[in-house]
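Just below is one structure, and these are the notes that go with it.
The values are calculated or read from the model by the stated rules, or taken from the named source; none is laboratory data. Small disclaimer: the values here were computed from a predicted structure and weren't measured. Backbone-built Cβ (ideal geometry, glycine too); neighbour counts: all protein chains shown.
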Amino acid sequence: MLRPGSESGISNVDTTKRESAVVTTVQKWGNSLAIRIPKAFAAQARLEENTNVQISLEGDRIVVTHARREWTLEELVTKISRSNKHSEVNWGHPAGKEHW
């Protein structure tokens, strides 16, 4: 939860959570604000430099989660190779009103 700070644009961040907590400082980074994520938190959350994340608001909380990659069919098809291409599967004779 962000708590109002001084006129300098710096605020304290309360990252309390049952498992662990740390108090850090929000700092100005260009026209935005930035929070440093402690190494132990980053490791537990599997965050590395250049990891794509999604930032959302839940009430007065800022929530950071891994961003899910949206794949296009074209991108997926380009990844098909002889080594990962599956053979045809025989599902047997039609058991209902299927048309093959």
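Structural remarks
- Among the residues making up segment 52-96, a single one is closer than 21 Å to residue 37 by Cβ, of a type in the set (D, E, K, R) and surrounded by 10 or more Cβ atoms within 10 Å (Cβ to Cβ): 61.
- Cβ pairs under 9 Å, 6+ apart, first in segment 31-53 and hydrophobic (A, V, I, L, M, F, W, C), second assigned to a helix (DSSP H, G or I): 47/41
- Among the residues of segment 63-98, the ones that are under 13 Å from the mean Cα position of the chain (by Cα) and not in a loop (DSSP other than H, G, I, E, B) come to 4 in all.
- Pair list, Cβ < 8 Å and 6+ apart or interchain, from segment 64-78 residues that are among the small types (Gly, Ala, Ser) to residues that are not in a loop (DSSP other than H, G, I, E, B): 67/53; 67/54
- Count of residues meeting criterion [out of contact with any Ser or Thr (no Cβ under 8 Å at 6 or more places or on another chain) and either modelled with pLDDT under 90 or not polar (S, T, N, Q) (or both)] in segment 1-27: 11
- Test: residue in segment 40-51 that is in a loop (DSSP other than H, G, I, E, B), exposed (fewer than 10 other Cβ atoms within 10 Å of the Cβ), more than 23 Å from the chain's Cα centre (by Cα) and of a type in the set (Lys, Arg): no
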